[in-house]
Amino acid sequence: MEKETSNSSDVSASHVGRVRNRRRANEVTTDGNKANGQTLLVSDRNKYKSMLIRTYSTVWMIGGFAFLVYMGHLYIWAMVVVIQIFMATELFNLLRKSSEEKQLPGFRLLNWHFFFTAMLFTYGRFLSRELVNTVSSDHLLYKLVSGLIKYQMFICYFLYISGFVWFILTLKKKTYKYQFKQYAWTHMILLTVFAQSSFTVANIFEGMFWFLLPASLIVINDIAAYLFGFFLGRTPLIKLSPKKTWEGFIGASVTTIISAFLLANVMGRFQWFTCPRKDLSTGWLQCDPGPMFKPEHYYLGDWVPHWFPWKDVFLMPVQWHALALGLFASIIAPFGGFFASGFKRAFKIKDFGDSIPGHGGITDRMDCQMVMAVFAYIYHQSFISPHNFSVDAILDQILRNLTYEEQRNLYEQLGEMLGNLCKADKLAACL
């Protein structure tokens, strides 16, 4: 009985002790303030340290990018290829399992086989005209390249089927599931990453303006969103990205749209940016920029107050198109980043890699750029590029579908037709 009484008294005493020691939610001790203060101070220091590292990396990336822009179209294309290889490496490694890889020697090469097959197909379609124009002075090389371009689709299909057969022959009983996951994962990477980013190269050779402006707008939007969110951010924007805020999103949108309108005017003044590149050389460009890049006069008149000093302004028509690019870059393109954030959450990783200090991997920086590149290409083809047949389009079809002898025969027939027209009509152009 005494033991029971003592036990019950101990239990009640300990219970009372727990109740007495329990604090209310609104009670804060001095020690707690010190602890919280130290935590906040450390967090604040880490925040600014992260900002400095991120700024340092950004300055280096912008400087390197500006140097490549100065060097020319071919160097930017090489940069895009390197970026695609880094992105593929980061994404291939996400589902890689060393235990299964040991049982499948050489299986990793299959992923790269499909990758380079896709590269050959995509760039062969985008840059066939530029490649032919580059080798046109060499008769033997011209015939070889023309033949490769004519049968390029068959060559790529044969390479893909070879990879498909290779995959079937490497299937092993205990790794079926892993191998089919890798096969599907590789095709998803090629479709969502490589195919979209390849439109960047098409934009480069249409005129560096159509690559540089969209890419710059994404960079501006990213930096502005970070700065507005860093100093003013209070309201969370989306659960997928807890650090994204409405203040950063709205501030970046306004900054991006204004920057698009102003940057288009600056870039449109340089032929290095506006002229399309029709070969794979690195020489200087000269061309007629066309009406899209020629300033037009606008009289503001009653649209502005009397004290406003600029009643007459000169704007390029391309600046109005730049507003559409800026609107897309500020509102739609960030969803590429949200998609990447959800993707990383699904795989429970913070970043795709660590190749860029303060930013993560290459894929972390290219998520929005891929979405923007596709839109810029489609917008240019839909609203900027002429829809009727052009000399370049006809030449491209000739180079793709006619042999060298057929092209020569066509050239001779055109010469005879023009000669007959000159004799009959005495055209001034023939003189």
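The values are calculated or read from the model by the stated rules, or taken from the named source; none is laboratory data. The structure displayed is predicted, hence computed values, not measured ones. Here Cβ is always computed from backbone atoms with ideal geometry, including for glycine, and neighbour counts include all displayed protein chains. The protein model used for the area step is the full one, side chains on, heavy atoms only, and it has no ligands, DNA or RNA in it. Shrake-Rupley method; radii C 1.70, N 1.55, O 1.52, S 1.80 Å.
Structure data summary
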| item | result |
| --- | --- |
| Where a residue in the stretch 353-368 is assigned by the TED database to the domain that holds residue 221 and its partner, wherever it lies, is among the polar types (S, T, N, Q) and in a loop (DSSP other than H, G, I, E, B), with Cβ under 6 Å and at least six apart | 361/355; 362/355 |
| Pair list, Cβ < 9 Å and 6+ apart or interchain, from the stretch 63-86 residues that are without any contact (Cβ under 8 Å) to a residue 24 or more places away in the chain and under 12 Å from residue 282 (Cα atoms) to residues that are open to solvent by 30 Å² or more (accessible area, probe 1.4 Å) and of a type outside the set (Lys, Arg) | 68/75; 68/78; 68/79 |
| Residue list for the stretch 43-62, restricted to those being more than 14 Å from residue 356 (Cβ to Cβ) and either of a type outside the set (S, T, N, Q) or modelled with pLDDT of 90 or more (or both) | 44, 45, 47, 48, 49, 51, 52 |
| Filter result (without any contact (Cβ under 8 Å) to a residue 60 or more places away in the chain, among the polar types (S, T, N, Q) and farther than 27 Å from residue 124 by Cα) within the stretch 256-297 | 265 |
| Every residue from the stretch 394-431 that is in contact with a Lys or Arg (Cβ under 9 Å, 6 or more places away or on another chain) and either assigned to a helix (DSSP H, G or I) or modelled with pLDDT of 85 or more (or both) | 395, 396, 399, 400, 401, 404, 430 |
| Filter result for residue 140 (assigned to a helix (DSSP H, G or I), open to solvent by 20 Å² or more (accessible area, probe 1.4 Å), without any contact (Cβ under 8 Å) to a residue 12 or more places away in the chain and at negative phi) | yes |
| Members of the stretch 295-314 that are in contact with a Pro (Cβ under 8 Å, 6 or more places away or on another chain) and either of a type outside the set (Asp, Glu) or exposed (fewer than 10 other Cβ atoms within 10 Å of the Cβ) (or both) | 314 |
| Contacts under 9 angstrom Cβ, first residue in the stretch 326-349 being of a type in the set (D, E, K, R), partner in a helix (DSSP H, G or I) and crowded, with 16+ Cβ neighbours inside 10 Å, 6 or more apart | 344/364 |
| Among the candidates 338, 314, 383, 343, residue that is assigned by the TED database to the domain that holds residue 84 and in a strand (DSSP E or B) | 314 |
| Residue in the stretch 268-278 that is of a type in the set (D, E, K, R) and buried (at least 20 other Cβ atoms within 10 Å of the Cβ) present | yes |
| Within the stretch 381-393, tally of residues that are modelled with pLDDT of 80 or more and within 20 Å of residue 124 (Cα to Cα) | 1 |
